[in-house]
Amino acid sequence: MRFIKFVTAFAGLSAFCGTANAEDHENKSKAKPKLVVAISVDQLSADLFSEYRSTFNGGLKRLADGAVFPSGYQSHAATETCPGHATIMTGVHAGRAGIIANNWIDLDVERDDKTVYCAEDERIAGTSFGDITAATQGDYVPSAWHLLVPTLGERLKKISPESRNVAVAGKDRAALMMGGKDVDEIYWFKGKGFETLAGRKVSEKITALNTELAVKMDAARAPSKIPAHCEARNMKIPHGDGKSVGDYAFQRPQGGGRAFRLSPDYDGAILAAAATTLEYMRLGQGAHTDILSIGLSATDYVGHTFGTEGLEMCIQMAELDQQLGTFFEVLDSKDIDYVAMLTADHGGLDLPERARLQAMPDAQRLDASLNVKAISAKIAGDLNIQTDDQILHADSPFGDVYLSKKLSADQRLAAKDAAIKIYNNHPQVYGVVDGEALKKFPVATGPVDEWTVFERVRASYHPDRSGDFIVILKKGVTPIPNTARGYVATHGSPWDYDRRVPILFWQKGMKGFEQPLPVKTVDIAPTLGALVGLDIPASELDGRCLDLDGGAGNSCD
Ligand SMILES: [Zn+2]
């Protein structure tokens, strides 16, 4: 077990003895937990959870024995990593949190690169986020300054300054959105190891883990053992240019470190960093409640690179289950009284090439002609607009689209009208939502599974950051025109395969129950808040407290 080795080396697992005495916990059941462990598994859709639930026997089994909400919702339309993580620990929708997408356009920013990354501080001179389409990254400075609302950890520190707020994730945006600005320690993985905010020092223990990781990443890796239930998933699926997915078990040669991130080993490394931080900060072992947010990113990279229904995801689910089991054993061995929550930032959709073989003949890739550059050129020609700026700006072929600021008021109106017509006439476009219309509508509060597309878009809309209009693709359209750059599948739509995620809570001694009716990820922060004695004013929340006591008691009281 690769992960056990990490924990043994860095969290001193070998020195621990025995598990906690169950009787101790019965007496403490009404006391506040000393540690909240909030886990987000990037791209763990409700569909994946239900597909593999019966096979879990590790950490995911433990969580599935707790309070289970199999139909959780990331309510909004922009189902990307950053908006998703921004809802989990804040209790507000992505739009109210100010995190409308992973990247958006800010035509007023005083730098050449007008693409702004959700988790950067673009006000710092000389920075850039880079060219997304060329898959190159700029030299941006990671920051949570775009997040407009406090996280649970930040709220807790306000009333209990000795509480610690810690976040560890594979991606900087996951750690920053769950932790917020006021964090005691924060780590994410970049290149060859874990790093932290500018001006802060990576701790000695994490530096030591990075050294161990560098060796691990460079070493050859034998294929994962294929669990019996994964055999049926083991099938090669071609997706163009002689490439295929579906039958890979994560073997890699020496020096193949780049593939490390696209394997279950990546989550093992993140959990090792979380366990290391837990150990040296003695989280959950002081007088006050601490918060540890963990963003596990491997499921997302596996989903993008290999799709969601092949051998790769089957192995990823099995190994994640075991790694989480080991992580919880570390907590148990320290007799920490903790509550664990697990959810996801968004779901995902399998690659169309496999979906077409498996009963979905209409699954398709986006037509490459649907892009702002081509559409801008057509509008400029049709309307005879002469400008040195592109008429439309966008970071992606769908989602937020911004009109050039160099147009006159009349040109803007005409260009917007023409653009909306062109998009609406495209056979892969479901519809276009006008920002002006969204501004006038409050966020929906009815049953989240019945929200209209307009209401979903509204929940990730912010008037100062969102586009002049928002383009929605039809269900089953994968917005990756071809797989040349390595990603075969994705998420980001307002459709339920991208919105629905499991929400699971577990605490020692709790009586588990299942509530199949829909709840929201914005319910998580008020639910955890009530457990740790934080009463967040309802006006500052879009969610509600979920009663985790399956009997007559009420954990929200
Ligand atoms: Zn993703």
Region 286-427: mean projected area of Cα convex hull, nm² = 14.4 nm²
Return the whole-Å distance between the Cα centroid of region 372-442 and the Cα centroid of region 183-223.
-> 43 Å
Label point distance in nm, D557-L383, each placed 7 Å from Cα along Cα→Cβ | 6.1 nm
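Grab the other residues whose beta carbon is less than 11 angstrom from that of A274, score K and R as +1, D and E as -1, and report the net. Don't skip to the end; give the middle numbers.
Working: positive: none; negative: E185, D267, E279.
My count for the surroundings of A274 gives -3.
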Counting residues in region 100-146 as N, plug N into 2.2 N^0.38 Å and put the Cα Rg over that result.
-> 1.01
Cα-Cα pairs in the chain separated by more than 41 Å, as a whole percent of all pairs, come to 20 percent
Full extension between A287 and D434 adds, at 0.36 nm per residue less the Cα distance, a length in nm of 47.8 nm
May I ask for the net charge around W104, where only other residues with Cβ less than 10 Å from the Cβ of W104 are counted and Lys, Arg are +1 while Asp, Glu are -1?
-> -1
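What length, rounded to one decimal in nm, is gained on full extension from T445 through to D332, with 0.36 nm per residue of separation minus their alpha-carbon distance? Can you show the working numbers first?
Details: separation 113, 0.36 × 113 = 40.68 nm, distance 3.88 nm.
Separation in residues times 0.36 nm, less the Cα-Cα distance, equals 36.8 nm.
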So how much slack lies between T211 and E231, counting 0.36 nm per residue of separation and subtracting their Cα-Cα distance, in nm?
-> 3.6 nm
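Read the figures in this text as sums done on the coordinates, not as results from a lab. Please read these numbers as outputs of a predicted model, since none were measured by experiment. FYI the Cβ positions are ideal-geometry reconstructions off the backbone, even for glycines, and counts take in every protein chain you see.
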